[in-house]
Each structure stands twice: as C-alpha cells, then as structure tokens.
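Asks: Starting off with a structure, shown below.
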Amino acid sequence: MALFVKEWKQGTRTLAVWTLGIAAMLMVCIFLFPEMKHEMDSMTKLFANMGTFTKAFGMDLLNFGELSGFYGVECGNVIGIGGALFAAYLGAGMLSKEEKEHTAEFLMTHPVSRFCVVLQKFLSVMIQLVVLNLVVSLLSWISIRVIGEQFPAKEFVLLHGSYLLLQLEIGAICFGISAWIRRGSLGIGLGLAAVLYFLDLISNISTDAALLQYITPFAYAKPAHILTAGSLDWGLAALGIVYGAVAAAAGFWWYCRKDLTA
Amino acid sequence: MNAIETKNLTKNYGKVRGITDLNLTVEEGEFFGFIGPNGAGKSTTIRTLLGLIQPTSGSASVLGQPLQKKASYLADIGYMPSEAMFYNEMKVGELIAFSAKMRKQDCSKEAAMLCDRLKLDTGKRVEELSLGNRKKAAIVCAMQHNPRLYILDEPTSGLDPLMQKEFFELLKERNRKGATIFFSSHVLSEVQHNCTRAAIVRDGRLAAMDRVENLSRTNTKKVTLHGVSQLPVSLEARSVTAAGDMVSFLYQGEIRTLLDEVGRLPIRDMTITEPELEEIFLHYYEEAGSGPVDQKAGGRCSRKQEVR
C-alpha cells in the first residue's frame, strides 16, 4: 500500500496536467458548438461527402447539427488520442522508471515480494486512468449543460466508458511491454498508441482491412457506432480486455523473475 | 547459525562472468569484510543474496532461509547499495519514512537519532543531495529498523573521514548487540581495522577466506636497498619498484639467501620491514600467481583455479 500511495503522490502532477489538458480541449470544443451549430447543417453535408476522409472518421453516420454528432467526432478524437497517449506514457513508464532512475535496487530490497510491487504499480496505472476519465467526463457533462444542450446519458456513459476501456487496454499492454524491455519502452508505448489509432482509420476506409478491427481498441471506442447503435461492440471490447490481460500477465510473470539492473 | 552461506554460487550475465562457484560462510555476529578489486564480483554476490538477480547455478541461504524466501528475510536485512539512488522528488524525511512504511514499521525515533548522529538534513530534496549525503540517507534507511544482518556495498565511498568514523562506530554498536555486518570494500585498511574475518574475491572466484590477522600474517618481507638501481635476476623478488638509486621489493624466500645475494651488491643502506596489508593485497590483485595470502588460506584456492 505504501508503494501505491507513493506512486499516486509521484504521479498527481502529471495526471492533473493531462486531465486538465484533455478536459480543456473538450470544453473548448463544446463551447464552440453553439456558434457553429447554425453552420453545421451545410457542414454535415460537406463532411458526409469527403470520401475516404468521411469514412475514416465515420462522419457519414453522424449529424454535426446535433451536439452528440459533433461531440462524437471532435471530442472523440481529442480524448481518444490524448487518453491513449497518456495511457501509453503511464503504463510504459511505471515499471521501467525504477530501473532507468536506478531506484529499483532500493525499492526491491524492502521486504515485499516482486509480485506485490508489480501489482501495486499496475493498480496505480489503472486507477490513475479511471480518475482521469471520471474528471474529464464530469467536466464535459457540466460544460454540455452550461451551453444548454442535451446528450443522451446512456450514450454519454457508453462513449466515455469505451474510451476508458481503450486506455486501460493500452495502459496494460504498455505496462506488460515495459517489464520485458528495459530501455525505450516509452517510445515503443507512444508509438504503439499512435499505430493503433491509424490502424483504426485504415480499417474504416478499406473493407479489405476489416481484420484490423480485431487488433485495435479504437474499433470498439467508436462514436459513430455507439451513437447510432446505442451500444458498444461488446465482442471487440471483450477481445480488447483479453489483449490487455494477457500482456499484463506476461509482464507480471517476467518481472517477478527477471534480473534487475543496478 | 550462518548469517550468509553460499554453495557453489555462480552467476553469469549471458557469456559475461559474474561469480563462479563461490563458497562463502558468514557466521551470525561476525564483522565480515568482502574484499576485491572493481569487477571482481562483489556486487554480483550481494545482489544475488538480496534476490535482485537470479543465480545461474548453486545455492545460497541468508539468515537460514533460501533465496526464494527473500520477501521474508529482507525484513531482517539492512542494505546499502554502492550507488545510493533514490526518488529525486522526495524529501529526505519522506524517503526515510517511505522506507519504514515499506517495512510496515515505525522507525521514527531510531531514524531521528541516526540523522542527528550523521548530521543529515531531512528537509532537503533527494535531488539536491551530494553523494556523501545520499550515502547518509542510505545509512539511515539501512539501519533505522535495527536489522539482524547488514549488507553494505562499498558503504564508505563518498563519506568524509569523520563520517566514516561515526559510521563504523554505529556499525560496531550494532555488532556488539549481536547484529552481523557484511560489507564489501576495496579499501583494505578499513577491513583490517574493523573486521574479524574477511574473504577475498578475484575474477569472480573466492581467493581466500580467513580471520583478518591470519590473512595479513605472512612470511613476506618488504626490503628496501639503497645504492643500487637493479636487482640480480637470481633473487626471487616481487613487486619491484626502483627509484633513483633505491630499489624496494617484496621477498618471501629464505632470509639467509637474501643476505647472501644482497651481500654481493654495492649497497649503502638496507631496511627490512613487515609489508603493509595493502601491499600484500595489491600484489594479490595484480598477479595471477599464488601469493602469500592463499598459501595462508590453507590451499582453499589452488594455483590451477587461480590461473584460469
């Protein structure tokens, strides 16, 4: 527990910066909406006819004249990319920072099992992501009420829930990777998050690349689907949970037996 | 009971040698020195005992428990790493408290006493600390929970002489109360002055292990001749150093032979003294041949092993 508290204290500043950064960008988008609303009718047509670009972002399925459609695309990308990068950053650094900063030796010579250390660090990643998403979605919800718009609660929860799940998956995968790779796990993590995002764009554009949806978590965190169907693609979400769990388990397994560098 | 016992402990990093077939015994209550040059395997041995790295083969026990049970025996160990690195953003006080919390103990009184004796400012941030002050923080973290066994990896580097003295005072107090001290060093004088027993490791192998007085008692003499600049080839001299018209060397053979040889030289003056422990060990570090130390150690290390 002491380690968990330490990680929380150590991480609060970064967490606050990312949370407020993402929330601020969402809020800017939301507060711009009333101004843009009237022009959106023509914009919707324009956006719906931009060929592959339209397909990539699912813009043909959403109505930009309504807040939900606008929020789905604009804000979905902000929290999707921002959240994924933060999850990768947090997950990839949590274990590897101890070796990078040469504190692993100090930490691991206390009477705690490696498993216990890894568990506290893993939970720390998960909890920080949950906190980020709770704060962001709360601020977002308040902003929506402030501009006097409505957003169906169920869809709002599903949308933000899917982004949380996406971040947990990426966080867990990067956490697992960082147990195996001592140096450069941060770069690999951030790269992975970006690649997964682009894989989703590709799978949206080309039907030949439909298989990619089974790889990238952005396939289930998809506003166009959630807002039109009113539900998540639970099959893809479950697959994502499996990926995250397998990667984290592999990380646990290896970190509990590997040699720590001085 | 043995505080530390290793049996044929071997650790290789891939193809790189760490330690090879190390058999080490440290009894409870001993003040034990672990000596060797840089890269000899001292830290590898210590890191294996602490469970930071897995041995390639062989086994070891610490405080009677096998390496697999490190989470339980680490509670009774105070460890000081050679490079004391901590969380930079913490204050020293927070760091010490964190270490105590990780041990689920309240060590605040003991910590305050240690900080006072070591003159450590607990209000500073770790990143502002000099090496010496980081070492002091490491000492407090290693001692505040009154462990049964102290494992200290080159603890005195970076400490000023006064602090070194205070540090050894603290260790001796703990040792008198029954704690075992195991510390690695390449400063031989501090081993000679503080330890009851010592082991020497070289090239990953145990070269000798004995009581300190036995290790330093040899039939080697340090001879200095004035008035000559070279020695006759027939003289079995080691560690020869020549400066101007003076030659000094270590001599281990018959004293009568020495006198006969020297008698033929045009010397002005001559001194024969006991060599410093440093000189014996220095020779030991440098040369692969059997030195005075391993002869004394009762053939624990054969010449064949040595040469490898």
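The values are calculated or read from the model by the stated rules, or taken from the named source; none is laboratory data. This structure is a prediction, so every number in the text was calculated from the model and none was measured. Methodologically, a virtual Cβ is constructed for each residue, glycine included, from the backbone with ideal geometry; neighbour enumeration extends over all protein chains shown. Accessible surface is based on the protein model in full, side chains and every heavy atom, while ligands, DNA and RNA are left aside. Shrake-Rupley method; radii C 1.70, N 1.55, O 1.52, S 1.80 Å.
Asks: Which pairs do you get when a residue that is farther than 23 Å from residue B:157 by Cβ, found in segment B:78-99, comes within reach of a residue that is open to solvent by less than 10 Å² (accessible area, probe 1.4 Å) and in a loop (DSSP other than H, G, I, E, B), reach meaning Cβ atoms under 8 angstrom, with the pair 6+ apart or on two chains?
Replies: B:98/B:87
Asks: Going through segment A:236-261 one residue at a time, which ones are within 14 Å of chain B (Cβ to nearest Cβ) and either open to solvent by less than 60 Å² (accessible area, probe 1.4 Å) or within 19 Å of residue A:88 (Cα to Cα) (or both)?
Replies: A:255, A:256, A:258, A:259, A:260, A:261
Asks: Mind checking which strands (runs of 3 or more DSSP E) fall wholly inside segment B:92-204 and carry at least 1 residues that are of a type in the set (Phe, Trp, Tyr)?
Replies: B:149-153, B:180-185
Asks: Within segment A:77-95, restricting attention to residues that are modelled with pLDDT of 90 or more and open to solvent by 10 Å² or more (accessible area, probe 1.4 Å), which residue is nearest to residue B:74 (Cα to Cα)?
Replies: The residue in question is A:93.
Asks: Taking the condition part of a helix (DSSP H, G or I) and farther than 30 Å from residue B:49 by Cα, does residue A:240 pass?
Replies: yes
Asks: Counting just the residues of segment B:45-74 that are more than 14 Å from residue B:8 (Cα to Cα) and among the β-branched types (Val, Ile, Thr), which one comes out farthest from the chain's Cα centre (by Cα)?
Replies: Selected residue: B:53.
Asks: I'm checking my understanding of the structure. Among residues of segment A:61-76 that are in contact (Cβ under 8 Å) with a residue 24 or more places away in the chain and open to solvent by 10 Å² or more (accessible area, probe 1.4 Å), which one is farthest from the other protein chains (Cβ to nearest Cβ)?
Replies: A:65
Asks: Please verify whether segment A:13-23 includes one or more residues that are more than 14 Å from chain B (Cβ to nearest Cβ), part of a helix (DSSP H, G or I), surrounded by 14 or more Cβ atoms within 10 Å (Cβ to Cβ) and modelled with pLDDT under 95.
Replies: No: zero hits.
Asks: May I ask you to verify whether residue A:192 is over 30 Å from residue A:30 (Cβ atoms) and either open to solvent by 20 Å² or more (accessible area, probe 1.4 Å) or in contact (Cβ under 8 Å) with a residue 60 or more places away in the chain (or both)? Spell out how you get there, then give the answer.
Replies: Numbers: over 30 Å from residue A:30 (Cβ atoms): no; either open to solvent by 20 Å² or more (accessible area, probe 1.4 Å) or in contact (Cβ under 8 Å) with a residue 60 or more places away in the chain (or both): yes.
When the stated conditions are applied, residue A:192 does not pass them.
Asks: Determine which member of the set B:57, B:99, B:130, B:61 is within 23 Å of residue A:95 (Cβ to Cβ) and either away from chain A (no Cβ under 14 Å) or modelled with pLDDT of 95 or more (or both).
Replies: After ruling out the rest, the residue left standing is B:99.
Asks: Could you list, in sequence order, the residues of segment A:37-68 that are aromatic (Phe, Trp, Tyr) and farther than 28 Å from residue A:142 by Cα?
Replies: Here is the first cut: in segment A:37-68, the residues aromatic (Phe, Trp, Tyr) are A:47, A:53, A:57, A:64.
Answer for segment A:37-68, where residues must be aromatic (Phe, Trp, Tyr) and farther than 28 Å from residue A:142 by Cα: just A:53.
Asks: Could I ask something else about it? Which residues, taken from segment A:108-128, are open to solvent by 10 Å² or more (accessible area, probe 1.4 Å), out of contact with any Cys (no Cβ under 9 Å at 6 or more places or on another chain), in a helix (DSSP H, G or I) and within 14 Å of another protein chain (Cβ to nearest Cβ)?
Replies: Correct list: A:116, A:119, A:120.
Asks: Checking residue A:52 against (1) surrounded by 20 or more Cβ atoms within 10 Å (Cβ to Cβ); (2) polar (S, T, N, Q); (3) within 20 Å of residue A:203 (Cβ to Cβ), which test does it fail?
Replies: (1)
Asks: Quick one: which of A:105, A:99 is part of a helix (DSSP H, G or I), crowded, with 22+ Cβ neighbours inside 10 Å, acidic (Asp, Glu) and in contact (Cβ under 8 Å) with a residue 40 or more places away in the chain?
Replies: Only one candidate passes the filter, namely A:105.
Asks: Let me ask something else. If I ask for residues that are modelled with pLDDT of 80 or more, surrounded by fewer than 14 Cβ atoms within 10 Å (Cβ to Cβ) and on the phi < 0 side of the Ramachandran plot, which ones from segment B:214-239 would you list?
Replies: Once the filter is applied, which keeps residues that are modelled with pLDDT of 80 or more, surrounded by fewer than 14 Cβ atoms within 10 Å (Cβ to Cβ) and on the phi < 0 side of the Ramachandran plot, segment B:214-239 yields B:229, B:230, B:232, B:233, B:234.
Asks: Is it true that some residue in segment B:129-142 is in contact (Cβ under 8 Å) with a residue 24 or more places away in the chain, within 30 Å of residue B:40 (Cα to Cα), surrounded by fewer than 22 Cβ atoms within 10 Å (Cβ to Cβ) and in contact with a strand residue (DSSP E or B) (Cβ under 8 Å, 6 or more places away or on another chain)?
Replies: no
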